[in-house]
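J.: One structure follows; several queries about it will come next.
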Amino acid sequence: MRQTRRFTQLDSVWPAGLGRRLGAMLYDGFLVTAIWIAVTVVHMLFFRYVLGQQPEEIGTTASDIWSLRLMLVFFVTLFFVFSWSRGGMTLGMQAWRLRVQAADGYSLNLKQCLIRCAVAWLSLLAFGLGYLWVLFDKQRRSWPDIASNTQTVVLPKK
């Protein structure tokens, strides 16, 4: 059973352009940075006080490094999955009046959120080409939009 909801204002939204998307990404970048700082602090405290590592030893082993990397990706993915599946927008998207929705106007399911996250990382690793794709696609879709069968739309002013 689909645990999603149908959004309103479907007739009064339009595809988001690159400028708004970049603005929302900048805002969300600050939130991602805060999440990463918090996760890193907790990770370091765990290795120091639970595992008993000396301060100069923390972050020197492969397990230290890879466990932190996995935690950073996990918690940022959790942030985006929660935001997109709940209301279709992150805090940065709210500020820029953007919403991500399924092609049929419903909120995203878990699979769509995870696909969006994975392809978003690939889009960034490809020097942003996945987001620049908005400039060439007739429906203004980015790679994450295309791969997850979603669309990023601009909401009208209240």
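The values are calculated or read from the model by the stated rules, or taken from the named source; none is laboratory data. These numbers come from a predicted model, not from an experiment. Methodologically, a virtual Cβ is constructed for each residue, glycine included, from the backbone with ideal geometry; neighbour enumeration extends over all protein chains shown. Accessible surface is based on the protein model in full, side chains and every heavy atom, while ligands, DNA and RNA are left aside. Shrake-Rupley method; radii C 1.70, N 1.55, O 1.52, S 1.80 Å.
J.: If I compute solvent accessible area with a 1.4 Å probe over the protein chains, what percent of it on the chain is carbon and sulfur? Don't skip to the answer; put the middle values down first.
T.: On the way: 6610 of 9770 Å².
Solvent-exposed carbon and sulfur of the chain make up 68 percent of the total.
J.: Ok, one more. At Met71 and Lys111, where each label point lies 7 Å from the Cα along Cα→Cβ, what is the point-to-point distance in nanometres?
T.: Result: 3.2 nm between the two label points.
J.: Another question, if that's okay. Rounded to the nearest 10 Å², what accessible area does Val50 show when all protein chains are kept and the probe is 1.4 Å?
T.: Looks like 100 Å² after rounding.
J.: Restricting attention to segment 127-158, which chymotrypsin sites (Phe, Trp or Tyr not before Pro) occupy a DSSP loop and are surrounded by at most 12 other Cβ atoms within 10 Å? Intermediate values should be presented prior to the final figure.
T.: On the way: sites: Phe127, Tyr131, Trp133, Phe136; in loops: Phe127, Phe136.
In loop regions of segment 127-158 (DSSP not H, G, I, E or B), the sparsely surrounded chymotrypsin sites (Phe, Trp or Tyr not before Pro) are Phe127, Phe136.
J.: Based on C-alpha coordinates, I'd like the Rg and Dmax of segment 34-158, in Å.
T.: Rg, Dmax (Cα atoms, Å): 18.0, 56.
J.: Moving to a separate point now. Sort out for me the Cα centre separation of segment 63-121 from segment 34-53, rounded to whole Å.
T.: Centre-to-centre (Cα) distance: 24 Å.
J.: When the dipole is taken about the Cα centre of the chain, and only Lys, Arg (+1) and Asp, Glu (-1) are charged at their Cβ, what size is it in debye, to the nearest 20?
T.: 840 debye
J.: While we're looking at this one, here's another question. Please list the helices of the chain that count as membrane-span-like by this rule: a mean Kyte-Doolittle hydropathy of at least -1.0 together with Cα atoms stretching 30 Å or more along the helix axis, each helix being a complete DSSP H run.
T.: On the way: long enough: 18-45 (39 Å, 1.30); 62-87 (38 Å, 1.21).
Going by DSSP H runs, the hits are 18-45, 62-87.
J.: So for the chain, averaging the separation of alpha carbon pairs under 8 Å that are six or more residues apart and normalising by length, what relative contact order in percent results?
T.: Details: 195 pairs, mean separation 52.6, N = 158.
That works out to 33 percent.
J.: Oh, and also: Give, as ranges by residue number, the residues of segment 1-42 whose backbone N falls under 17 Å from the point 7 Å along Cα→Cβ of Ala126.
T.: 18
J.: Per residue, how much accessible area does segment 74-148 show when a 1.4 Å probe rolls over the protein heavy atoms, in square angstrom? Before the final figure, lay out the partial values.
T.: Working: 4010 Å² over 75 residues.
Accessible surface, normalised per residue, equals 53 Å².
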